[in-house]
Each structure stands twice: as structure tokens, then as C-alpha cells.
Protein chains: 2
Amino acid sequence: VAERGGWDGPLVGMVGAGQLARMTCQAAPSLGIRFRVLAADLTESAAQICGDTQVGDYREPAHLLAFAAGCDAVTFDHEHVPAAGLRALEEAGVAVRPGSAALRFTQDKLAMRHRMQELGVPCPRFAPVADLADVTGFSVRSGWPVVLKAVSGGYDGKGVWVCRTPEQAAEVLGYGIALLAEEHVAFTAELAALVARSPYGQGVAYPVVQTVQREGICREVLAPAPGLPADLAEDAQALALRIAAELGVIGLLAVELFLAGGRLLVNELAMRPHNSGHWTIEGARTSQFEQHLRAVLDMPFGSPELTAPQVVMVNLLGGDDGDLYERLHHVLAADPSIRVHLYGKRAKPGRKIGHVTALGADLADLRDRALAAASYLRWGTTQEASVPGPPLINRSPAPQEVA
Amino acid sequence: VAERGGWDGPLVGMVGAGQLARMTCQAAPSLGIRFRVLAADLTESAAQICGDTQVGDYREPAHLLAFAAGCDAVTFDHEHVPAAGLRALEEAGVAVRPGSAALRFTQDKLAMRHRMQELGVPCPRFAPVADLADVTGFSVRSGWPVVLKAVSGGYDGKGVWVCRTPEQAAEVLGYGIALLAEEHVAFTAELAALVARSPYGQGVAYPVVQTVQREGICREVLAPAPGLPADLAEDAQALALRIAAELGVIGLLAVELFLAGGRLLVNELAMRPHNSGHWTIEGARTSQFEQHLRAVLDMPFGSPELTAPQVVMVNLLGGDDGDLYERLHHVLAADPSIRVHLYGKRAKPGRKIGHVTALGADLADLRDRALAAASYLRWGTTQEASVPGPPLINRSPAPQEVA
């Protein structure tokens, strides 16, 4: 650890050094917060820029304890730290935020579903499944397709399989991992409600957004969710704040929701800065990254107010091996108002390597611009700007769920 | 230098590790730009956060050359690098931005005044002075007070003396440094025009701001300058762009101006991110820090557009030795929309240790809130919120210059 001088602000350690840690690292200095990351190696996204990177293995309690020394709070850019490590930190008196009791519900999807059920939170139908008989039994109530999910370890569509036939389910069962089955929800739209909660119990809710996924990966986030009735938006915010309080979350909680048949169903939970909140860097008065830091340090929250009537974020996925830097010049020249965020990652096909944000009043124009920029960076063409728009949200007259 | 992986973006080295380098460091990762600082020691503001800090002496050409190895461009957070070091870099083929030929005019105020005169740029009357006879001779034309300025090395009001009598001038002459005399301009307002220029020759101009100084230190920046007639604002932007082009500036150029008798007079030049542009972090679509990085890398410029009708930035000066962190909690609780930027510096009285920004539509409200926040952080009270407002800008019917 380097010798430090100046004003010694509080020190937050983030386990993991991906893009979430990178963007949190960019936010921390403004409030005088010192920031440390635990990286697997120095090439990781946040390790490239952080002035206080420690290299270690998040699966090793001893590495976590060494990392936490001197930290006023320890938090996470992923949910993969094993329970033993979290317990070791808590037993050593480290302020682990969120704590292991809350994080458990992001690590064990079956425990999460049971807890949501106990709380009376609307969710898709689900059941643990061990073999094909369990899946076919479940399908009697839910119909096909059946969604199989890894109980732990999934992310970005990995660990989620939409099975249209018993044969497909049998293949997934053959992977030999713990699974749960969920009904396949024919949704009107996917939404995300992002909230933060502090140890003091203060809560704050961002405007509810619509997310647009393709091939299991979030491609676009529209903030606020266009056409979402105000009462449903408020319901989603209230639901997320309630879940945060009931689970004792400290920090951010992203609640991914299905809007189906005019009802909200909880899909997934994440307790960290979330892809559905990247738009807040420029689009909200306080970014999700600063908000998470405020939360884990028990500082008062910043305003989640929008800075523009409409904000569109588009993820940048790795494409071919073209020269990203040259493409960046073209994109910045073509659209001086587009905001680009690169994560310092090599462009493997389909990998999230950055995002772009457009802010203004005209949703169609913002989508065109953000999709064009992301597409050009990916492929050297603007082809993706012509994809069809996301489904419009309207209160459906009748449930549209699985037949 | 740490081993690096991921996408190897361009590398910018900034000589100096104060708050300007700190805020540039926060901006760099978004465009995938790698960022290195040359610090005197690891306690400096930017050295605390930068993942690639080198410790060295900017007065030593050998240190500069070692620092520049691998950099795609080298730039500066202050104007104190000696000419010999700049020449050494340029002779070694380093992209020094701005170059020594331009930087000279920020290091030698007499050379700057002569160059402005050659260009026909309106300036206060000036003359080099070596002794009291020179000063009294100058005062025959300019009247008293006479402003004496150090030809080099001044900043933040240091190196500037307003002399009301020959006795005061004699005292300053006794310091034994090279001086120039300038007329004391009875200005209506002080303005700043911030522009950027790229090697390609592209230019961009931010909205012109009003700056409010007290005791020689910039205390408030009002963006855009309230009440400034549009033609004068355009004149100021055009003047700054013309100076940037004529001097061959690469990067940002801040032109500090007096508005006096309805005319614009150039006061000072700075070729780096500038205190009068800190409001752009939240208040402009592209911050001055990102714009400077784009300029020195010859990337297309980002939009300088305002993100709110009015933006107020107030500098935070060191006050008493109260607990800044506790005060920060109170300020954030009192005003969830205020934006705070701390520089990681110990609070020596009068030292700039941060700034706060308020954005909205009502100038008086924004000033109240920003002054209250800065005052509370400094003193633990909001006393400074009741200071009188800055003078209103109106096209004066007649010159108000020195009697």
C-alpha cells in the first residue's frame, strides 16, 4: 500500500475488478472516497485504472481478510464470493455491504424464490428439479417452454435455458448442476427497478427503466420506461424498496421485472451496480456508482432525478477484430453528443466491452443514435440502428401468460 | 509499469498531479484512454487515485523523458515546466501538447502581452518595469492603482499586487523578481472563455462564464454568464478561438477577460483544464477534462452544450480544522442535488480543496445552495450563503476605467 497523505477519506474495498468496479473507481474520488479493488490480475478492467489494486483470489478467505485491512466497508462487483469468505470477513468485524445474509439471495436462486414467496412478492411459478420427471411434472402446470436455471453461478443469460421440449430439458439436466424450473413468462416488457438502501435505513429509488434483451443479453435500457403507467412505475419502485428492506440489503438492489398481463413479476435480483443503471452516469443527478458508495458508507443519498426527459443506454458488444480506436474517432465525429464508455477489455465476440448513452427528448432519435454508435464500434457499420423498436408498453386487457 | 492487458487504448501522460490531473484521471477511462501522472510524491491529489503514477521532478529533463516513454501525448496540469524540459521532450519526438511555442505565453506574461498586442487583441495597458521610475512613469498614463505582476510563476492571485501608492510599488520591486505593470481595470465583470483546439485544427467553445473573485481567488463561476449580451458572448468565444489558433494551442485554452465599459480585455491565458471550467463536469455534455484528452489525442470534440439552463460552481477553500467528513454528511443530507468534488487535500486555510456545483434554472437559488454547501464544508456554518450577489452585467453607457 502506497504511503498516503492529503485528506484521508474513507476507504471502500470492492471485491472484483470488472467494469462495475472500474466505473465505481471513476466515481469515488469526487466525494474524497479512497477506493481499492481485489483483482485476479492486473489486466482486469478496474485494475487497469485503480491506484490501489490488490491481486488475490476472492475464493480464499485469507486473501479477502488481507484485502479488507483498513477498509471502512467492503463491497462487491459480482455475487460469486463463497459464503465461507463472507463469514470470515464478518467474523473479523469487517463492514461487509451487503452482508452475507442478503447476498445469499443473489447466490442461490431457489432460496431467493422461496423468500419472495414468503414475502408475497409476485414471481413466475417455480420448482426445484432434479430429474426429467420433476420437469415434466412442473410443465403440467406451467406448460412449455420451461425455463431451467442454474441455482447458482449464472449471469448475462448464462445459466438460463429456455427448453421447448422434454429432450432439451434432458440435455440441460445432463450438465449435472443444481437447477430450478420456472414458467416461461410471455411478457409485454422487461423492466428494472433500481434502488439503494443504507445501514441507517434510508432508501432511494431511480426511475423505472425498460430493458431490451436479445439472445439473453441486455442490449438497450430506456429510462424512464416509455409508456409505463405511473402507478405501475410506483408499484415497481415500492416493491424494490420493500425487497431491499426485507432482505436487509445495504447498497444497490436491482430488481429485474417482467410486465405481463398488466402485472409485475420479479425475475432476478442483483445487489451491486447493475447494467440497467449505467444510464445514470450522465442521465441521473447521482450515478448508481456514487449512490452505491454512499450507501455502503452510510452517507445520505444523492438525488436520483433524471437530467434529461429520456435517456437511452446501449451495450457495446465485442464484434470483429477491427480497430476500435479508429472506429471511436468516426463515432465521436458523427455524433458529438453521444457518450461513450469503454471498459478496457479486448473485443471477444458477444462480450460486453462498453456502452454508449444518448440523452434528450425524442426516444426514437436517441435509440437510433445510440444503436448506430454501438453498431459502428462493433462492426464498422451502423446496421443495428435499423432494428425494430422495443414493444410498446400498454396495460393489456387480459393476462398474456403461458398458454 | 504494471503489466497491462485488455484493450490497450492510447496513453496520455500529464505532468503534475494536482486536482486538474485528478479530475482528468477520472475522465480518461470512459474513452478507453490510459492515463499516467508525474507526481512530486504519492500524497498529491492525482497520485492518490491514478493507477499509473510516476514520481519525479518536472524540472529535470531526464525525469520528463522517462515519464514520456510510451505516451501518445504528454500534457500538463500546470505551466511551470522549464523550457529546457519541454525542448528535450520535443527533440525526442514526444507529442508535447500544447507545445513549447504555445506554452511560452503562459510562462512569460510579458511575452504574452506583446503577442496579444501584435495580434491586435484588446488588453489592459502594460509595460515592463525595473524600478520605481518605470512604475511612476507608467502611472502617468494609467493612473493609480497600478497592478504589478510577476512575469512568471504566479497563480491564484499569487504574483499579482494591486499597488495604490508608490510606496506599495517600491515594496513589491524590493522582492527582486521580474515584473510588469498593468493598468488597474475597473471592470463590470470578469469573464472566462474556454475553448479547445486539436492538432487537426478543430475548435470548440464552451458557453462564456462569469467568474467572481474574492481576495484574488476565484470563488464562484456562473455558467452561462448571466445577463451577458449574446453578441459579447460570441465575441469572447471568437476571440478565444482566434488566440488558440494564432498561438498554436493544442488542448484547452482558458481566456480570462475583463468586461469594462462594454469592451472585452484579455487578462490571463491558461492552456490546461481551468478552474473556470469545473462546472462542465456535470454542466456540459462533455467535460473540460474529457475535451482536453480528446484534443491532445486529436480525437473529434464532444458537444460543449449546457445540460441545464444555469450552472453555478463554488470553490471550496480550506477553513478551520473541523471534521470534513462529518460536514460532508450534513451537506449531502441538506441538499441531495448538490454535486461535491473533493481533491484529497488537507484543509490549509484558503487552499482550494474542492468545489461544489449546483444545476437548475434559478440563479439566485443555485448560488445560495452552492455557497451554503461550500461554506458549511469550510466553517461548519452556512454564513457565506448571504454574501452579496455578483455585479450584474449590463452594457455600460460609458467606460468605467481608471480615473
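The values are calculated or read from the model by the stated rules, or taken from the named source; none is laboratory data. From a predicted model like this one, the values you see are computed outputs, not experimental measurements. Neighbour counts are summed over all protein chains in view; Cβ atoms, including those assigned to glycine, are modelled from backbone coordinates with ideal geometry.
Return the residue satisfying two criteria in turn: it lies in segment A:174-184 and is more than 20 Å from A:Thr106 (Cβ to Cβ) and at pLDDT below 95, and of such residues it is surrounded by the most Cβ atoms within 10 Å (Cβ to Cβ). Steps first, answer last, please.
Here is the first cut: in segment A:174-184, the ones more than 20 Å from A:Thr106 (Cβ to Cβ) are A:174-176, A:183-184.
With at pLDDT below 95 added as a condition, the list becomes A:174-176.
Values: A:Gly174: 9, A:Tyr175: 11, A:Gly176: 6.
That would be A:Tyr175.
Within segment A:370-380, is there a residue that is in contact with a His (Cβ under 8 Å, 6 or more places away or on another chain), of a type in the set (A, V, I, L, M) and at pLDDT 70 or above?
From segment A:370-380, those in contact with a His (Cβ under 8 Å, 6 or more places away or on another chain) are A:374, A:376; that's our starting set.
Then drop every residue that is not of a type in the set (A, V, I, L, M), which leaves A:374.
With the extra rule that they be at pLDDT 70 or above, the set shrinks to A:374.
Yes - at least one qualifying residue is present in segment A:370-380.
Just to verify a result, which residue in segment B:7-25, among those that are under 16 Å from the mean Cα position of the chain (by Cα) and within 10 Å of chain A (Cβ to nearest Cβ), is surrounded by the fewest Cβ atoms within 10 Å (Cβ to Cβ)?
B:Gln19
List every residue pair whose Cβ atoms lie under 6 Å apart, where the two residues are 6 or more positions apart in sequence or sit on different chains, the first residue falls within segment A:105-126 and is touching a residue at least 12 places away in the same chain (Cβ under 8 Å), and the second residue, located anywhere, is aromatic (Phe, Trp, Tyr) and outside any strand (DSSP E or B).
Correct list of pairs: A:Met112/A:Phe105; A:Arg115/A:Phe105.
Out of the residues in segment A:93-107 meeting the condition of being more than 25 Å from A:Val266 (Cα to Cα) and in contact with a helix residue (DSSP H, G or I) (Cβ under 6 Å, 6 or more places away or on another chain), tell me which one is surrounded by the fewest Cβ atoms within 10 Å (Cβ to Cβ). Reasoning before the result, please.
First pass over segment A:93-107, keeping only residues more than 25 Å from A:Val266 (Cα to Cα): A:93-96.
Next cut, in contact with a helix residue (DSSP H, G or I) (Cβ under 6 Å, 6 or more places away or on another chain) only: A:94, A:96.
Working: A:Val94: 20, A:Val96: 28.
The qualifying residue surrounded by the fewest Cβ atoms within 10 Å (Cβ to Cβ) is A:Val94.
Restricting to segment A:293-326, name every residue that is more than 28 Å from B:Asp298 (Cβ to Cβ) and either assigned to a helix (DSSP H, G or I) or of a type in the set (Phe, Trp, Tyr) (or both).
Correct list: A:Leu293, A:Arg294, A:Ala295, A:Val296, A:Phe301.
From the list A:Ala28, A:Ala73, A:Ala83, A:Ala47, pick out the single residue that is touching a Ser or Thr at 6+ places or on another chain (Cβ under 7 Å) and buried (at least 23 other Cβ atoms within 10 Å of the Cβ).
Numbers: A:Ala28 fails: touching a Ser or Thr at 6+ places or on another chain (Cβ under 7 Å); A:Ala73 fails: touching a Ser or Thr at 6+ places or on another chain (Cβ under 7 Å); A:Ala83 fails: buried (at least 23 other Cβ atoms within 10 Å of the Cβ).
Checking each option against the conditions leaves just A:Ala47.
I'd like to know if segment B:352-374 contains one or more residues that are touching a Phe, Trp or Tyr at 6+ places or on another chain (Cβ under 9 Å) and either among the basic types (Lys, Arg) or in a loop (DSSP other than H, G, I, E, B) (or both).
Of segment B:352-374, the ones touching a Phe, Trp or Tyr at 6+ places or on another chain (Cβ under 9 Å) are B:352-355, B:357, B:359.
Those left that are additionally either among the basic types (Lys, Arg) or in a loop (DSSP other than H, G, I, E, B) (or both): B:352.
Yes: segment B:352-374 contains one or more residues that are touching a Phe, Trp or Tyr at 6+ places or on another chain (Cβ under 9 Å) and either among the basic types (Lys, Arg) or in a loop (DSSP other than H, G, I, E, B) (or both).
Starting from segment A:326-340, keep only residues that are facing chain B (nearest Cβ under 8 Å), then list their pairs with residues that are among the small types (Gly, Ala, Ser) whose Cβ atoms are within a distance under 6 Å, requiring at least 6 positions of separation or different chains.
Short answer, once both residue conditions are applied: A:Pro336/B:Gly302; A:Pro336/B:Ser303; A:Ser337/B:Ser303.
What about A:Glu290, is it facing chain B (nearest Cβ under 10 Å), part of a helix (DSSP H, G or I) and crowded, with 24+ Cβ neighbours inside 10 Å?
Judged against the criteria, A:Glu290 is a match.
Checking the conditions here, which among A:Asp41, A:Asp57, A:Asp52 is surrounded by fewer than 19 Cβ atoms within 10 Å (Cβ to Cβ), free of Cβ contacts under 8 Å to residues at least 60 places away in the same chain and either facing chain B (nearest Cβ under 8 Å) or polar (S, T, N, Q) (or both)? Let's see the steps before the verdict.
Numbers: A:Asp57 fails: either facing chain B (nearest Cβ under 8 Å) or polar (S, T, N, Q) (or both); A:Asp52 fails: either facing chain B (nearest Cβ under 8 Å) or polar (S, T, N, Q) (or both).
A:Asp41 is the lone residue from the list that is surrounded by fewer than 19 Cβ atoms within 10 Å (Cβ to Cβ), free of Cβ contacts under 8 Å to residues at least 60 places away in the same chain and either facing chain B (nearest Cβ under 8 Å) or polar (S, T, N, Q) (or both).
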